[in-house]
Amino acid sequence: MDRRKFLGLAAAAGTAGAWPRDLAAWAAPTHQLGRYALPRIPVVSGDGFTLTARPATADVGLGVVDAWTLNGALPSPTIRMRQGETARIELVNRLPEQTILHWHGLAVPYEADGHPRWQIDPGETYTYDFRILNRAGTYWYHPHTHMRTAAQTYMGMGGLLIVEDEDESSYALPRDEHEIPLIVQDKRLGGSLSLGYGLGMGPDMMMGYLGDTAFGNGVANPTVDVRRAPYRLRILNGSNARILDLGLSSGQPMTLIGSDGGLLGAPVPVDRVMLGPAERADVVVDFASRRPGERIMLRSLPFQIPGMMMGMGMGRGGPMGRGMGRGMMMGGGGLPQGTGMDLLELVVQEGPAESGPPLPTRFSEVPSRGEVTADTPRRTFRFNSMMMNHTINGLTFDMSRVDARVRRNQTEVWTFANDSELPHPVHVHAGQFRVLSRNGGRNRLMPWETGLKDTVLTLPGERVEVAVRFVYPGTFLLHCHNLEHEDMGMMINYEVTE
């Protein structure tokens, strides 16, 4: 599919379908004072199951919409696995176009990674068979279809994949009813009720598809009841393009315990956690001292990105054209990047305060990605956005071109240099990396970047160094996880060789 054809694809959600009876009870939101109850997400686990991609209808609180789903659920089912188990999963395509799924953050063989060259036609089936090598953590899965990743993800396909292991289970962390898996997204409703993906030119193509309404676990303006006790929130920024700067309306700190690749070395009190698209954070919030009836909002706090473009097409190489007004790049029909948004209302219930066991002062040491020395191989990948083009090292994606070759089990240092005036969340397939340094921009590592990562947010003018090492041979992807940037070509192939 060429770019001209892509620009013409402003797809709606497709033909409506019925919810499976066994999933309907999981996702029937209840209206609560103008907000809608956060639904539990259906869970699948065990050795062997099927995910069927198909159009369906879903109740998003505001009403029923057409969506593209996996197994009829919005969001897609949560998959729970243990380290060492084998995932045998069949993907059945009942969509009107090709699709494929990527297991985001997992180290899997090339054939299981969801590279778009493996995408299947309507009516076809793809079989995944891979062992869970990753440590415990909050991972996820979503489509990776060539030039249609943004549309298919936005319209509903994508879910959490939670890995457990003996190490994490040994700690006294909130679990069961005191654990809230949360997929945060923004949707562009614009006064209508539709998950149709109406991608436009200009701002949408440069900034990405920004919404105007916060969704949590597939419903708009979600709310959830909590007891006066500590809770673990597993938070995924599942948005196409929106950056979230998470904080609580009560002003109380959160305790950060994990990021993309599992637990940090130690819990860290934080007031804010900034997540680019595809990044995750595990936080513990203690409601024991809150008053019954108190309503606390998990928010994306307002922020500004230093150096971010304000005019149409402004890049480090100059403007795209004359006569373009300031602010046009702040986001098509959605709210501008950095706008404050209420994401999830937490309502404290009546009852005694529950203290629970204290959090550990330290966790196990975060695995390294090998020793970095003066002789460690180094590469630089330069990200730029200009003239409606999103490039890495000056090139747009070519399915048949290999842009870098890396030795298997060889530690390398990769530098992600943001030469544009737009933020780029950079994602590396085939496993996790360690963030070593950030120069320019914020000029430091964030607390949530001290653990294993698979996606790192690079703001304008920043250079981020990461240590990588890969387990499986084959051709994998490096790309920006602003999904419109990815679909427009900000992606390369790299090959892991023996």
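The values are calculated or read from the model by the stated rules, or taken from the named source; none is laboratory data. Quick caveat, the model's predicted, so the values are computed rather than measured. Methodologically, a virtual Cβ is constructed for each residue, glycine included, from the backbone with ideal geometry; neighbour enumeration extends over all protein chains shown.
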In this structure, does VAL366 turn out to be modelled with pLDDT of 95 or more and not in a strand (DSSP E or B)? yes
Can you give me the ranges of the strands (runs of 3 or more DSSP E) entirely in region 425-498 with at least 2 residues that are closer than 22 Å to GLU365 by Cα? 433-439, 455-458, 463-468
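Hey, among the residues in region 115-138 that are touching a residue at least 60 places away in the same chain (Cβ under 8 Å) and within 25 Å of LEU195 (Cβ to Cβ), which one's surrounded by the fewest Cβ atoms within 10 Å (Cβ to Cβ)? Give the derivation first.
Step one: filter region 115-138 for residues touching a residue at least 60 places away in the same chain (Cβ under 8 Å), giving 115-117, 133-138.
Checking the rest, the ones that are also within 25 Å of LEU195 (Cβ to Cβ) come to 116, 138.
Numbers: PRO116: 20, THR138: 25.
Filtering region 115-138 for residues that are touching a residue at least 60 places away in the same chain (Cβ under 8 Å) and within 25 Å of LEU195 (Cβ to Cβ), the one surrounded by the fewest Cβ atoms within 10 Å (Cβ to Cβ) comes out as PRO116.
Out of the residues in region 399-424 meeting the condition of being in a loop (DSSP other than H, G, I, E, B) and over 24 Å from the mean Cα position of the chain (by Cα), tell me which one is surrounded by the most Cβ atoms within 10 Å (Cβ to Cβ). Before you say what the answer is, go through the steps one by one.
At the first step, the residues of region 399-424 found to be in a loop (DSSP other than H, G, I, E, B) are 399-403, 408-411, 419-423.
Next, only the ones that are over 24 Å from the mean Cα position of the chain (by Cα) stay: 400-403, 408-411.
Working: SER400: 6, ARG401: 9, VAL402: 11, ASP403: 17, ARG408: 13, ASN409: 12, GLN410: 14, THR411: 19.
Out of the qualifying residues, it is THR411.
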Could you give every pair whose Cβ atoms fall below 7 Å, whose first residue belongs to region 203-215 and is assigned to a helix (DSSP H, G or I), and whose second residue is surrounded by fewer than 23 Cβ atoms within 10 Å (Cβ to Cβ) and at pLDDT 95 or above, counting only separations of at least 6 or pairs across chains? MET207/GLN337
Region 285-305, residues that are out of contact with any strand residue (DSSP E or B) (no Cβ under 8 Å at 6 or more places or on another chain) and either assigned to a strand (DSSP E or B) or farther than 21 Å from PRO269 by Cα (or both): GLN304, ILE305
With respect to the numbered conditions (1) surrounded by 24 or more Cβ atoms within 10 Å (Cβ to Cβ); (2) touching a residue at least 60 places away in the same chain (Cβ under 8 Å); (3) more than 25 Å from GLY198 (Cα to Cα), which one is the sole condition not fulfilled by TRP103? (2)
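Consider PRO269 carefully, then state whether it is assigned to a loop (DSSP other than H, G, I, E, B) and not β-branched (Val, Ile, Thr).
No.
Among the residues of region 163-183, is there at least one that is farther than 30 Å from LEU264 by Cβ, surrounded by 19 or more Cβ atoms within 10 Å (Cβ to Cβ) and touching a residue at least 40 places away in the same chain (Cβ under 8 Å)?
Kept after step one, since they are farther than 30 Å from LEU264 by Cβ, are these residues of region 163-183: none.
Checking region 163-183: not a single residue is farther than 30 Å from LEU264 by Cβ, surrounded by 19 or more Cβ atoms within 10 Å (Cβ to Cβ) and touching a residue at least 40 places away in the same chain (Cβ under 8 Å).
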Residue pairs, Cβ under 6 Å, 6 or more apart or interchain, first in region 467-486 and on the phi > 0 side of the Ramachandran plot, second in a helix (DSSP H, G or I) and of a type in the set (Ser, Thr, Tyr). List them. GLY474/TYR110
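Per-residue answers, yes or no, for (1) surrounded by fewer than 21 Cβ atoms within 10 Å (Cβ to Cβ); (2) of a type outside the set (Asp, Glu); (3) in contact with an Asp or Glu (Cβ under 7 Å, 6 or more places away or on another chain); (4) outside the structural domain of ASP454 (by TED's automatic domain parsing):
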{"residue": "ASN237", "(1), (2), (3), (4)": "no, yes, yes, yes"}
{"residue": "ASN240", "(1), (2), (3), (4)": "no, yes, yes, yes"}
{"residue": "SER249", "(1), (2), (3), (4)": "yes, yes, no, yes"}
{"residue": "LEU256", "(1), (2), (3), (4)": "no, yes, no, yes"}
{"residue": "ASP271", "(1), (2), (3), (4)": "yes, no, no, yes"}
{"residue": "ALA278", "(1), (2), (3), (4)": "no, yes, no, yes"}
{"residue": "VAL285", "(1), (2), (3), (4)": "no, yes, no, yes"}
Boolean, PRO143 is in contact with a Leu (Cβ under 9 Å, 6 or more places away or on another chain) and either under 27 Å from PHE470 (Cα atoms) or modelled with pLDDT of 95 or more (or both): yes
Which condition number does PRO447 fail, the rest of (1) buried (at least 21 other Cβ atoms within 10 Å of the Cβ); (2) at negative phi being met? (1)
Could you list all residues from region 369-387 that are assigned to a strand (DSSP E or B) and at pLDDT 95 or above? ARG378, ARG379, THR380, PHE381, ARG382, PHE383, ASN384, SER385
Among the numbered criteria (1) of a type in the set (A, V, I, L, M); (2) part of a loop (DSSP other than H, G, I, E, B); (3) at pLDDT 95 or above, which single criterion is violated by LEU189? (3)
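Among the listed residues GLY311, GLY325, GLY333, identify the single one that is of a type outside the set (Val, Ile, Thr), farther than 26 Å from PRO277 by Cβ, outside the structural domain of ARG117 (by TED's automatic domain parsing) and modelled with pLDDT under 95. So that I can check it myself, show each step before the final result.
Working: GLY311 fails: farther than 26 Å from PRO277 by Cβ; GLY333 fails: farther than 26 Å from PRO277 by Cβ.
From the options GLY311, GLY325, GLY333, the qualifying one is GLY325.
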